[in-house]
Amino acid sequence: MKTLLIAIALVQVGLAATPVISELRPRGAELGKPFTLTVIGRYLVEGAHVSSTLPAAFTPLSPSKRDAMQMGPGRAAAFLVEPKPDAAPGVYPIRLETPSGISNILLFTVGTFPETTEEESLPYARPNQNDTVETAEPAPPAPVVINGTLRGPERDVFRVQGKAGERRVFEVEARRCGSAIDPVLLILDSSGKQLARSDDAPGASLDARIDFTFPRDGNYYVEVHDARFSTQVQNFYRLKMGAYPYADGIFPLGARRGEAPEVSLFGGSLKSPAKAVADLRKIASGEEFAEVALSGSPALPFRFAVSDLPELIDPAENAVSIPSVINGRLAQPEQINRYHFQAEPGEKLLFEIQARELGTSRLEAILTAYDEHGKKIDSAGDKPLPEDVFAVQGTSRTSSDPFLNVEVPKDSHAVTIAVEDLARRGGPFYGYRLIARRQAEDFRLAVVSPYVNIPKGGTVTVTVAADRRGYDGPIQLTVADLPKGIRVEGGIIPRETLDSNNVRSMNRRGVLTLTADAATPLPARELVVWGEGKLADGTTLRRRAHGTGMMVDVAGATAQGVVDRQRPLTAPWLGFDLPASTAEPALATLEVRLAAVKRMEEGARYEFTYQWHIRTPGAQPVRNLNVDVVGARDIRVTDMKRSPSDDPETIAGTFNVNTTKATDAGRYDMIVTGRLNVEGRQETIASRSVPFEVTSGSASNAVASNR
């Protein structure tokens, strides 16, 4: 994704550190009109730039005296933003690039209505000013967008004037714009009686929308609150009010790259479906999403899937060729759609559903495969989930869609695939994309780290998650086209195995380490992570890891049972891989080496030494280290000790890693991290990846590699 770089003058801070953005004021603006944007955060050093896809000119402004005095140096920056004529309504990423590294992303929205800010959300305003009908803030005349915030377990109430028979749409934009709140929208009369309510509106993800007709002249009250009255860091919302058309569904849900198909927008305020063109002719290779909007509507556009396979629209009455994508819909409750594929005996096929993960379908799909005689081969989407944290978070029925690996029976020359809803529901919002490929096994990769700053002379870790689709072997991660002076190590996702109790090892994570030479400058750029696995027939399966775009934590999420509204908010539709930059020199480095291997009766003991090299006067490492042998089963870390030393710049120690007979043979990465106390804060310092190999099924024969 191309970016526009604009210079910003910021305040220099004393201790250089990578920038962090915590707030944008405001979070949206009216199309074509200049506005003042204030960036709030930490370590906003002099010489920063903005990286964004928003076409605009940015002119530096001096931060207000009040901001400078109350926030301190390096905490705020203000500038005038003048959108260019080719700017379009939508949601845009805002990132800072500084000599000390790159920041996280926050999203900024450009709309078509006039914009204002809730009085309670103005800088330094008193909280809880408009929490009741009696203290409601008067809303400006529609159309308008009110930018507000929810400061913890509160509600915001706005007074609007309505005329009998007048129609008005009230819509909250929050999750779709990068907010962590799960908004609830209410319309009340002057007595506080509820007249309308919306939580998760069709086509608006977790956001809310009410299409309301005032029954009589008078004052009405619009209330916005979080569904769980939670306290969120990203706690903003955009309350949009006006009489405008909108759709709440789209079909099909995707199309082929390079084409410009006509799609149907339906529901909402539309009496009949409207047509729009999904122009995919300029969608770059590797990008998996486009956007489709209803003409003349200020509503945010729909996400639209992009593929490189032939695409069909249901009904598909004849045998469907492989590979292909079928765009279908369960139009009625209890409907089951069936598709027939010609195949050869013994052929291995992969069928995947795209529905809920696109955010434009309610389908909880079940896939079932039958042979040409009608005998069931297998099914997916209707089986218990593995008891594993990653499975619950990454493949629960509230997030991911099912897939099915099928081997064609020896006496069959065709396969039938049935698609149905888990709760036997149906209707216009139950669309899907059925992807069929000749593929025995597969995997998907996602970069968990939304961006990375590599300290000069130091090391950082990058975590990659694997969604295995029939492939259980090891996956080796690499980074393509690394610039000179940057080294990548590690990146092994070990194979998955079953132990003697038939319990799967569930290896779905790999960790790369990136190390920069002390003199290496790396201007902000995209790194591309790839993963390779060897199939049973000797061929190599190579897949690109897709980036998360951004990561916004949602308070209240738990390790088990996380659902859509509590899962961290990401934005893969932004199309980023792994944005990276070099940062200021490392405050310290951590070196780990293998000292000895001792074979034990039930396994082996690996004895390691470690050494801190402190480069910042006064910095002190925390005593214990974190040792992670990625994906290894039955590993114990013991006897961590610090060696006596009078040298404040070199602190050393030892620890042991113990394996057992249950430790699976294979190569692993050992990642060691420690925390460093410096000037009142803690920094995490990582060692380079340490290769760790178990050479046979018996841990007593294990050896560790040392650089």
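The values are calculated or read from the model by the stated rules, or taken from the named source; none is laboratory data. These figures come from a predicted structure and were not determined experimentally. Cβ sites come from the backbone with ideal geometry, for glycine too, and all protein chains shown count toward neighbours. Just the protein is used for accessible areas: all its heavy atoms, side chains included, with ligands, DNA and RNA removed. Shrake-Rupley method; radii C 1.70, N 1.55, O 1.52, S 1.80 Å.
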Report task. Collect the residues in segment 160-175 that are farther than 15 Å from residue 216 by Cα and open to solvent by 10 Å² or more (accessible area, probe 1.4 Å), keeping them in residue-number order. Result -> 175
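Is it true that residue 108 is surrounded by 15 or more Cβ atoms within 10 Å (Cβ to Cβ), in contact with a strand residue (DSSP E or B) (Cβ under 6 Å, 6 or more places away or on another chain), aromatic (Phe, Trp, Tyr) and not in a strand (DSSP E or B)? Walk me through how you get there before you give the answer.
Values: surrounded by 15 or more Cβ atoms within 10 Å (Cβ to Cβ): yes; in contact with a strand residue (DSSP E or B) (Cβ under 6 Å, 6 or more places away or on another chain): yes; aromatic (Phe, Trp, Tyr): yes; not in a strand (DSSP E or B): no.
Considered against the rule, which asks whether it is surrounded by 15 or more Cβ atoms within 10 Å (Cβ to Cβ), in contact with a strand residue (DSSP E or B) (Cβ under 6 Å, 6 or more places away or on another chain), aromatic (Phe, Trp, Tyr) and not in a strand (DSSP E or B), residue 108 comes out as no.
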Report summary line: Residue pairs within 7 Å by beta carbon, gap of at least six or interchain, first lying in segment 60-81 and open to solvent by less than 60 Å² (accessible area, probe 1.4 Å), second acidic (Asp, Glu), listed first then second, are 76/67
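Test residue 701 against the stated conditions and say whether it is more than 18 Å from residue 489 (Cα to Cα) and either at pLDDT 90 or above or in contact with a Cys (Cβ under 7 Å, 6 or more places away or on another chain) (or both). It would help to see each step written out before you state the result.
Working: more than 18 Å from residue 489 (Cα to Cα): yes; either at pLDDT 90 or above or in contact with a Cys (Cβ under 7 Å, 6 or more places away or on another chain) (or both): no.
No: the conditions fail for residue 701.
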**Report entry** The lone exception for residue 452 - which of (1) in contact (Cβ under 8 Å) with a residue 40 or more places away in the chain; (2) farther than 20 Å from residue 628 by Cβ it fails
**Finding:** (2)
Requested in this report: Of all residues in segment 491-530, count the ones that are open to solvent by 60 Å² or more (accessible area, probe 1.4 Å) and of a type in the set (S, T, N, Q).
Outcome: 3
Report task. Test residue 296 against the criterion of being touching a residue at least 60 places away in the same chain (Cβ under 8 Å), out of contact with any His (no Cβ under 7 Å at 6 or more places or on another chain) and on the phi > 0 side of the Ramachandran plot, and give yes or no. Result -> no
Query - Only one of 394, 296, 286 that is modelled with pLDDT under 90, closer than 29 Å to residue 260 by Cβ and either in a loop (DSSP other than H, G, I, E, B) or under 25 Å from the mean Cα position of the chain (by Cα) (or both) - result: 286
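Taking the condition open to solvent by 50 Å² or more (accessible area, probe 1.4 Å) and farther than 30 Å from residue 48 by Cα, does residue 472 pass? Full working, then the answer.
On the way: open to solvent by 50 Å² or more (accessible area, probe 1.4 Å): yes; farther than 30 Å from residue 48 by Cα: yes.
So residue 472 fits the description; yes.
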**Report entry** Positions within segment 531-559 being touching a residue at least 60 places away in the same chain (Cβ under 8 Å) and part of a strand (DSSP E or B), in sequence order
**Finding:** 531, 533, 534, 541, 543, 544, 545, 546, 547, 551, 552
Report task. Would you please name the residue that is nearest to the chain's Cα centre (by Cα), looking only at residues in segment 577-599 that are of a type outside the set (A, V, I, L, M) and under 18 Å from residue 613 (Cα atoms)? Result -> 584
Query raised in the report: Among (1) farther than 20 Å from residue 321 by Cα; (2) at pLDDT 95 or above; (3) of a type in the set (Ser, Thr, Tyr), which single condition is residue 368 missing?
Result: (1)
Query raised in the report: Of all residues in segment 146-189, how many are at pLDDT 95 or above and in contact with a Pro (Cβ under 7 Å, 6 or more places away or on another chain)?
Result: 5
Requested in this report: For residues that are farther than 21 Å from residue 351 by Cα and touching a helix residue (DSSP H, G or I) at 6+ places or on another chain (Cβ under 6 Å), scanning just segment 286-326, find the one that is surrounded by the fewest Cβ atoms within 10 Å (Cβ to Cβ).
Outcome: 303
